[in-house]
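See structure below.
Every number here is computed from the coordinates shown, using simple stated rules; none is lab data. Remember, it's a predicted structure, so these values are computed and weren't measured experimentally. Here the Cβ is made from the backbone with ideal geometry for all residues, glycine too, and neighbour counts use every protein chain on show.
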Amino acid sequence: MILSDRTIKSFMEEGRLSIEPFVEKNLTPNGYDLSISEIYIPSEEMRVKEGVAVIPPMTWFALSTTEYVKFGPEIAAQLWIRTSWARKGIIAAFGKIDAGFHGTLTFSAFNASQKSVEYPIGERFAQMVFELLTDAVEMEYSERSGHYQGQRGVTLEKRNG
């Protein structure tokens, strides 16, 4: 089952889900839009945390969310690129957010267009669509692998521990 805006708010009030900071305008009818906090462009050896990042054509980059999320043991989420970015030629790779995860999110993206694309820090990039599992998981993300548990900022490699 996908959570509605009303259920997302209810779960947050109950402490079953957390989004910090929570911005009301980022709430969608069936999800929540995530904003860009940092962009890393390896080919330019550049990290942008304020202002506007300019992504050259045919360039891979990574970005991190402003939002720090915490999922309870019965919630997972799908991730989708906002179509406004896809229409500019941006391709992004997303995974599923596991039950029990907490941290910011790092996305891998590619500017497949022939033009540079400007990314204002703070702009919305992707939507989380929350799913309610049939019941609470036996072991949460932190117990199964947890490599990225508690991450902040662009995180490209698995963390030890």
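For n ≥ 4 DSSP H runs only, could you compute -39500 (n - 2.57) per run for the chain, divide by its residues and tell me the 222 nm figure to the nearest 500?
-2500 deg cm²/dmol
Highest mean first, what order results for 37-44, 125-132, 18-25 on Cβ atoms within 10 Å?
Values: 37-44: 17.8, 125-132: 20.0, 18-25: 11.9.
Those peptides, ordered most packed to least, come out 125-132, 37-44, 18-25.
Work out from phi, with θ = phi - 60° and the Karplus expression 6.51 cos²θ - 1.76 cosθ + 1.60, the ³J(HN,Hα) of each residue of region 70-86, listed in order in whole Hz, and give x for Gly and Pro.
9, 10, x, x, 10, 10, 10, 8, 9, 10, 9, 5, 5, 5, 4, 7, 4
Could you count how many Lys pairs in the chain have their Cα atoms under 20 Å apart, skipping same-chain pairs fewer than 8 positions apart?
Step by step, the pairs that qualify in the chain add up to 7.
What does DSSP give for region 1-125 in terms of the percent of beta bridges that are antiparallel, rounded to the nearest 5?
Of those bridges, close to 100 percent are antiparallel.
For the chain, what does the relative contact order come out to in percent, with C-alpha contacts under 8 Å and a separation of six or more?
Details: 371 pairs, mean separation 47.5, N = 161.
After rounding, I find 30 percent.
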